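A short write-up of the structure that comes next.
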Amino acid sequence: MNFRELLKGNAIIFSAAIMLVLVFSNTGLILYNNQVLQSNTLLKEKTEEIKKINTDIWNEIVRNMDVGFRGYIITMDSALLGPYTKSAKNKDQVFSSLATLLKEQRYEGIYGLDSVKLEVDAYQESCLRLIALATQGEIDKVREAVKQDRGKTMWHVYSRFTKRLNAFENKLNDSAEHGYLAATRRTAYFQIILFCMGVPTLIFMITRIRRDKKQKLDLFLELEQNNRRYMFDPGTPLDVVNEHELIQHSIDNFKKAAGFVNEIAKGNYDIEWTELNDSNKSLNQDNLAGELIQMREQMKVMRADEEKRRWASEGVAQLSEILRLHQHNPPALSENVVRFIVKYMNAQQGSLFSLMEYEGKPSLELVACYAFNRKKYLNKRLEVGEGMIGQAYLEKRANVLTRIPQGYTSITSGLGDATPNCLAIVPMTYNEQVEAVIEIAGFKTFEPYQVDWLINVGEITASAMVSVKTTEKTQGLLTQFREQTEQMKAQEEELRQNMEEMEATQEEMRRKEIELERRQLQLNQQVSEN
């Protein structure tokens with residue numbers, strides 16, 4: 001293979017090599033020129049900064065001192081001392097910044113800055129003394145001092161320093177400008193050379209590159225097909241003008257996926273995939289968009305389950321608090337339990353039947369109700385097995401009705417009476433023994449998780465009711481014991497008093513016997529003597 005054939009077969013490579021040599025050369029020159037330009041630019045910026053700081057010494061420091069000082073001595077308003085105070089505070093920092101920059105430039109006349117600072121410090125002290133005199137009311141002395149124009153001397157010192165400094169900085173600035181122009185000329189010359197050699201090379205390269213464009217476009221079309229297959233298919237015809245649209249389409253899909261996932265992570269389960277509609281929904285069942293939609297639906301279900309669990313746990317906690325607060329008052333306990341359960345389940349009516357003994361037989365007695373029509377329960381006591389409530393007691397299982405028997409119950413409001421749409425009758429068991437039956441009615445159908453919650457709180461309530469009954473029995477026995485103890489104490493006291501009376505009687509009888517014996521003895525003696 002000769003050189004001609006080698007050049008023909010690798011023309012694009014040789015062209016690229018030529019362009020690379022030109023580009024690298026141009027890049028090296030640009031980097032060098034940029035370094036020169038940056039150095040000169042920094043030098044110019046520093047000279048301008050130095051000039052500005054030097055100007056600020058007079059405009060921002062001295063003038064503000066003078067304005068604040070004169071404003072105060074004229075008006076005696078301490079608020080006008082603000083410019084003076086601010087200038088005095090910033091003075092040392094401004095001089096320090098200027099001194100640092102001048103040392104970096106190795107400025108030989110930096111001693112002049114010290115002279116200026118001494119004058120400014122002296123002027124500041126002069127103003128401070130005059131302010132003190134003005135505060136003491138020595139206005140005439142202040143006026144005389146002002147007429148001496150202490151700032152004139154300071155201006156001459158500052159002016160001489162500024163003149164020398166500006167001359168030095170202008171010289172540096174001119175040097176930087178000349179360097180900038182030289183770098184610009186070098187760049188322009190090389191750009192002309194680059195243009196003359198690069199344009200023909202580029203034209204050749206473009207011609208060869210266009211031959212590969214169709215193959216690249218085919219590759220990008222395949223990318224779009226895979227994008228639609230695995231990411232998202234909008235359902236539109238595959239008509240792409242250039243590869244940039246294909247790449248942008250892929251990037252947009254990645255952004256949509258990332259945004260969709262981020263919103264779900266934030267808890268926004270109502271987020272929708274943009275452009276996904278009924279017409280292309282079937283095309284996106286197995287790709288990323290479809291999988292994300294399925295994940296969103298699963299997260300919705302999980303959140304709903306979590307809300308149900310939280311609703312149930314909060315309800316148990318609130319009911320437990322009610323049971324704790326009213327554990328010593330059975331009527332209040334029953335009323336508050338029914339009221340809470342009806343409101344927490346968004347129902348309209350509720351009643352609670354507790355297991356009681358009537359004439360030696362178990363029966364269910366109405367102990368509390370909420371929002372019931374008074375005509376509903378003419379008889380507040382039900383026999384075991386009587387009606388749906390008595391049947392629920394025997395079966396020991398919850399019963400939920402969505403078709404309420406006609407006339408069974410009605411919900412009364414200001415607009416009239418209406419039959420509820422759902423009725424839940426749940427036995428409250430403790431240790432497999434039904435202690436009470438609760439009946440809840442409402443216009444909305446109770447969800448299964450609400451019924452499960454009602455069964456759960458029924459067990460808790462039954463346990464509390466058993467505890468209350470046990471406490472009542474214990475208190476009753478204690479009361480009976482106290483009464484019997486008091487009776488025994490009273491009987492003991494009465495017996496003691498009787499014993500004391502008997503002892504007093506016996507003592508009186510013994511005294512009388514002694515007296516009788518004494519008289520008998522005297523009588524016998526008299527008889528003997530006679």
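The values are calculated or read from the model by the stated rules, or taken from the named source; none is laboratory data. Model, not experiment: these values are computed from the prediction. Cβ: placed from backbone, ideal geometry, glycine included. Neighbour counts: every protein chain shown.
Restricting to the range 317-346, name every residue that is in a helix (DSSP H, G or I), touching a helix residue (DSSP H, G or I) at 6+ places or on another chain (Cβ under 6 Å) and either within 24 Å of residue 423 (Cβ to Cβ) or at pLDDT 90 or above (or both). Outline the logic, then answer.
Initial filter on the range 317-346 (in a helix (DSSP H, G or I)): 317-325, 330-344.
Cutting the leftovers down to touching a helix residue (DSSP H, G or I) at 6+ places or on another chain (Cβ under 6 Å) gives us 319, 322-323, 330, 336-337, 340, 344.
If the condition is that a residue be in a helix (DSSP H, G or I), touching a helix residue (DSSP H, G or I) at 6+ places or on another chain (Cβ under 6 Å) and either within 24 Å of residue 423 (Cβ to Cβ) or at pLDDT 90 or above (or both), then 319, 322, 336, 337, 340, 344 are the ones that fit.
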Query raised in the report: Which condition number does residue 156 fail, the rest of (1) farther than 30 Å from residue 128 by Cβ; (2) surrounded by fewer than 14 Cβ atoms within 10 Å (Cβ to Cβ); (3) at pLDDT 80 or above being met?
Result: (1)
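Considering only the range 364-383, state which residues are at pLDDT 85 or above and either in contact with a Lys or Arg (Cβ under 6 Å, 6 or more places away or on another chain) or surrounded by fewer than 19 Cβ atoms within 10 Å (Cβ to Cβ) (or both).
Looking only at the range 364-383, we keep the residues that are at pLDDT 85 or above, and these are 364-370.
Of everything in the range 364-383, those that are at pLDDT 85 or above and either in contact with a Lys or Arg (Cβ under 6 Å, 6 or more places away or on another chain) or surrounded by fewer than 19 Cβ atoms within 10 Å (Cβ to Cβ) (or both) turn out to be 365, 366, 370.
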Query raised in the report: What are the residues in the range 111-120 that are within 58 Å of the chain's Cα centre (by Cα) and surrounded by 15 or more Cβ atoms within 10 Å (Cβ to Cβ), if any?
Result: 113, 116, 117, 120
Requested in this report: Return only the number of the condition from (1) buried (at least 18 other Cβ atoms within 10 Å of the Cβ); (2) out of contact with any Ser or Thr (no Cβ under 9 Å at 6 or more places or on another chain) that residue 354 does not satisfy.
Outcome: (2)
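Of the residues 154, 76, 65, which single one is in the same structural domain as residue 181 (by TED's automatic domain parsing), aliphatic (A, V, I, L, M) and at positive phi?
76
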Report summary line: For the range 77-104 the number of residues that are modelled with pLDDT under 80 and of a type outside the set (Gly, Ala, Ser) is 4
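Scan the range 476-530 for residues that are acidic (Asp, Glu) and under 30 Å from residue 328 (Cα atoms) and jot them down. Outline the logic, then answer.
Step one: of the range 476-530, the residues acidic (Asp, Glu) are 483, 486, 492-494, 500-501, 503, 507-508, 513, 515, 517, 529.
Of everything in the range 476-530, those that are acidic (Asp, Glu) and under 30 Å from residue 328 (Cα atoms) turn out to be 483, 486.
Per-residue answers, yes or no, for (1) without any contact (Cβ under 8 Å) to a residue 12 or more places away in the chain; (2) among the charged types (D, E, K, R); (3) surrounded by 16 or more Cβ atoms within 10 Å (Cβ to Cβ):
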position: 247; (1), (2), (3): no, no, no
position: 255; (1), (2), (3): yes, yes, no
position: 263; (1), (2), (3): yes, yes, no
position: 266; (1), (2), (3): yes, yes, no
position: 289; (1), (2), (3): no, no, yes
Report task. Tally the residues that are aromatic (Phe, Trp, Tyr) and either in a helix (DSSP H, G or I) or closer than 18 Å to residue 365 by Cα (or both), restricting the search to the range 434-486. Result -> 3
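Would you be able to tell me the number of residues in the range 136-154 that are free of Cβ contacts under 8 Å to residues at least 12 places away in the same chain and in a helix (DSSP H, G or I)?
Filtering the range 136-154 down to residues free of Cβ contacts under 8 Å to residues at least 12 places away in the same chain leaves 136-138, 140-141, 143-144, 147-149, 152.
Next cut, in a helix (DSSP H, G or I) only: 140-141, 143-144, 147, 152.
Within the range 136-154, residues that are free of Cβ contacts under 8 Å to residues at least 12 places away in the same chain and in a helix (DSSP H, G or I) number 6.
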Requested in this report: Kindly indicate the residue of the range 320-351 that is buried (at least 18 other Cβ atoms within 10 Å of the Cβ) and among the small types (Gly, Ala, Ser) and also nearest to the chain's Cα centre (by Cα) among those meeting that condition.
Outcome: 347
Query raised in the report: Looking at the range 31-64, which of the residues that are touching a Ser or Thr at 6+ places or on another chain (Cβ under 7 Å) and among the β-branched types (Val, Ile, Thr) is surrounded by the fewest Cβ atoms within 10 Å (Cβ to Cβ)?
Result: 53
